[in-house]
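> What follows is a structure written as structure tokens; I'll ask about it next.
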Amino acid sequence: MESEQKKFMLTAKKEENITEWYTQVIVNSEFVDYSAVSGMMVYRPDSYFAWDVIKEATDRMFKEVGVDDVYFPLFIPERFLMKESEHVKGFSPEVAWVTHAGKSKLSERLAVRPTSETIMYDSFSRWIRSWRDLPIKFNIWASVVRWEFKHPTPLLRSREFLWNEGHSAFATHEEAETEREVILNIYEKILHDYLALPGIRGKKTDTEKFAGALASYSIEHLMPDGWVLQGPDHHSDGQNFAKAFDIKFIDRDGQKKYVFQNTYAISTRELGAMVLTHGDNKGLVIPPKLARIQVVIVPIYNDVKKEEVMNYSRSVYELLKSNFRTYLDDRDEYSPGWKYNEWEIKGIPVRLEIGQREVDSKSVTTVRRDTGKKEGAKLDHLSETLAELLVDIHTNLYSKALKFLESHTFVTADYGELKRLAGTGIVQAPWCGSEDCEAKIKEETGVKITNLPLDAQVNFAGQKCIYCGKEAKHTANFARSY
């Protein structure tokens, strides 16, 4: 019993050592676990349920705008990866290779999918012949493998992770550009409505953009330690891959032309952002829509009143189970206090406590995970009360995260202040657009340009670059980044 109790304990404090706290929370809560393969983790039921909800909601919104699901092979021939030079240069250090099948050496190395552009675009080149074949708007739900880093962190930087890959092809540049807002709006809705996560939308610098893209756009999250975590992104690939893979079509004017392409993704990294943002020193705090269990019922009884309390608890469970994901914790071997601790570390949004007092008054005691607030609720209106409570919990989580983002987004044109603020949040400052200035600032301060915000607090264009003093072309978001 003692070893089991320790399983649900946290010794690290979020405000003192967020790295150790994060590791303890995700493992001790049974959200994820380490596997026998370095850098690859196990998604346990609660984390996979949350991802499944995100996946289903995103997929539904994709289909509403005409995006169809497909599937392509896990393995990619080496010659495909070599076709687009910038793309292969960007991914070469990350690729895991398959060289043998049994004892036989393969005639060509196969890459374990780091991303699917090259395997898909070979097919695109055969499928697209006329303007009538366009647009193509496809999506894959899959896992990818990237092996480049030495210190993987579950959910945040795993060697294998789950995501969507959107791949589209259009006849014109204008059509391709229009898609970006559609997809990023879907991602922002998912972040807001399901994960309760705000973010800053912006354009990546050329240094930070996706390998092979003309331009990349991202939604960046600010974490409680003042560092930034990249969220969903969208890449304008132009005709780079079309030319590499000879994806041409006959347009309405009878001319042969290359297609314009986009790619986009949201990944299980969002679950890591959710844990870091909403979790506290008691454990996870899961937004209600992503919780595998939304309401847990904990009966409190002695031997004399046990049957009466349990019968009442079962009736409450029957009342709620069709409208809420409800669990009746009727385990005899654990005390109510032990159960409270377990459900708190797991982040269950609402706990219902039921003792003899609640039985006599035909009520329950509700306990919110986000605030710990306890209130009585009559059985007659319990479903309505819980529905309102779950909405309020989600709203509160988003509001707290947004308030933190706003209070830790700073504006300055002074380099000394940028250095002082480095690592405390997002600093919006003027930048000339020079990669040399970008590199020097990162070297000297430890912060990089996470993106160029599309809705900056101040437009620094025309002022002096914060580093070199030349004319600024952009307002840039500087931050330390995961």
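> Using packing as a proxy for protection, rank 301-311, 360-370 so that the peptide with the highest average count of other Cβ atoms within 10 Å comes first. If you can, show how the numbers build up before the last one.
Working: 301-311: 12.7, 360-370: 18.5.
So the order, starting with the most tightly packed, is 360-370, 301-311.
> Find the relative contact order for the range 409-479 and round it to a whole percent, using C-alpha pairs within less than 8 Å whose residues are 6+ positions apart. Show your work: numbers first, answer last.
On the way: 142 pairs, mean separation 29.0, N = 71.
Over the range 409-479, the number comes to 41 percent.
> Using a simple charge model, +1 on the beta-carbon of Lys and Arg, -1 on the beta-carbon of Asp and Glu, nothing else, what dipole does the chain show about its Cα centre, in debye to the nearest 20? Intermediate values should be presented prior to the final figure.
Numbers: 65 positive and 72 negative charges, 160 e Å.
Value, rounded to 20: 760 debye.
> For the ranges 194-200, 23-29, what's the packing order if you count other beta-carbon atoms within 10 Å of each residue, average per peptide, and put the highest first? Write out the running numbers ahead of the final one.
Values: 194-200: 24.3, 23-29: 20.6.
Ranked by mean Cβ neighbours within 10 Å, highest first: 194-200, 23-29.
> Now, a different point. How large is ³J(HN,Hα), in whole Hz, for each residue of the range 353-370 in order, when computed from phi with the Karplus curve 6.51 cos²θ - 1.76 cosθ + 1.60 and θ = phi - 60°, using x for Gly and Pro?
9, 10, x, 4, 4, 5, 4, 5, 9, 6, 8, 9, 10, 8, 10, 7, 6, 6
> Working from Cα positions, state the angle (0 to 90°, nearest 10) between the long axis of helix 382-407 and the longest principal axis of the chain.
Tilt of helix 382-407: around 50 degrees.
> Considering the range 2-278, what Rg and Dmax in Å follow from its alpha-carbon atoms?
20.2, 77
> Once the principal axes of the Cα atoms of the chain are found, what is the range along each, listed largest first in whole angstroms?
Rounded to whole Å, the extents work out to 85, 57, 48 Å.
> Right, another one. From the C-alpha gyration tensor of the range 10-60, pull out the three semi-axes of the equivalent ellipsoid (sqrt of 5λ each), sorted largest to smallest, in whole Å.
Working: eigenvalues 120, 44, 17 Å².
Equivalent-ellipsoid dimensions as semi-axes: 24, 15, 9 Å.
> May I pose another question? How big, on average over all directions, is the shadow cast by the Cα convex hull of the range 288-404, in nm²? All intermediate terms of the calculation are to be shown ahead of the outcome.
Values: hull surface 28.7 nm².
That works out to 7.2 nm², a quarter of the Cα hull's surface.
> Please report the Cα spread of the range 1-113 along all three principal axes, rounded to whole Å, starting with the longest.
56, 44, 30
> Taking the Cβ of Y340 as the center, what net charge do the other residues with Cβ under 12 Å away carry, scoring Lys and Arg +1 and Asp and Glu -1?
+2
> In what order do H235, H192 fall by count of nearby beta-carbon atoms within 10 Å, going from fewest to most? Let's see the in-between values first.
Details: H235 24, H192 15.
In increasing order of surrounding Cβ atoms, one gets H192, H235.
> Roughly speaking, what % of Cα-Cα pairs in the range 34-179 are separated by over 19 Å, rounded to a whole number? Please list the in-between numbers first.
Values: 6622 of 10585 pairs.
I get 63 percent for the Cα pairs in the range 34-179 exceeding 19 Å.
> Another one. What is the Cα convex hull volume of the range 350-430 when expressed per residue in Å³? Walk me through the numbers before you get to the answer.
On the way: hull volume 7.0 nm³, N = 81.
Taking only Cα atoms, the range 350-430 has a hull volume of 87 Å³ per residue.
> Rank the residues E318, E160, E175 as a footprinting-exposure proxy: fewest other Cβ atoms within 10 Å of their Cβ go first. Intermediate values should be presented prior to the final figure.
Numbers: E318 11, E160 19, E175 16.
Ordered from fewest to most neighbouring Cβ atoms within 10 Å, E318, E160, E175 come out as E318, E175, E160.
> Next question, about the same structure. Using the alpha-carbon atoms, what tilt in degrees (0 to 90, nearest 10) does helix 45-64 show relative to the longest principal axis of the chain?
Roughly 50 degrees, rounded to the nearest 10.
> On a 0 to 90 degree scale, rounded to 10, what angle separates helix 117-127 from the longest Cα axis of the chain?
60 degrees
> Right, here's the next one. Would you please report the Å³ per residue occupied by the convex hull of the alpha carbon atoms in the range 168-277?
Working: hull volume 11.2 nm³, N = 110.
Spread over its residues, the Cα hull of the range 168-277 gives 102 Å³ apiece.
> Kindly state, as a whole number, the per residue volume in cubic angstrom of the convex hull around the alpha carbon atoms of the range 409-479. Walk me through the numbers on the way to the answer.
Details: hull volume 4.9 nm³, N = 71.
Per residue, the Cα convex hull of the range 409-479 comes to 69 Å³.
> Please state, to two decimals, what the Cα-based radius of gyration of the range 255-328 comes to when divided by 2.2 N^0.38 Å (N = residues).
Cα Rg divided by the expected 2.2 N^0.38 Å: 2.01.
> Using a 10 Å cut-off around each Cβ, can you sort M61, M41, M82 from fewest to most neighbouring Cβ atoms? Write out the running numbers ahead of the final one.
Numbers: M61 17, M41 22, M82 13.
In increasing order of surrounding Cβ atoms, one gets M82, M61, M41.
Every number in this text was worked out from the coordinates using simple rules, so none of it is lab data. Computed from a predicted structure; not experimentally measured. Virtual Cβ from ideal backbone geometry, glycine too; neighbours counted across all protein chains shown.
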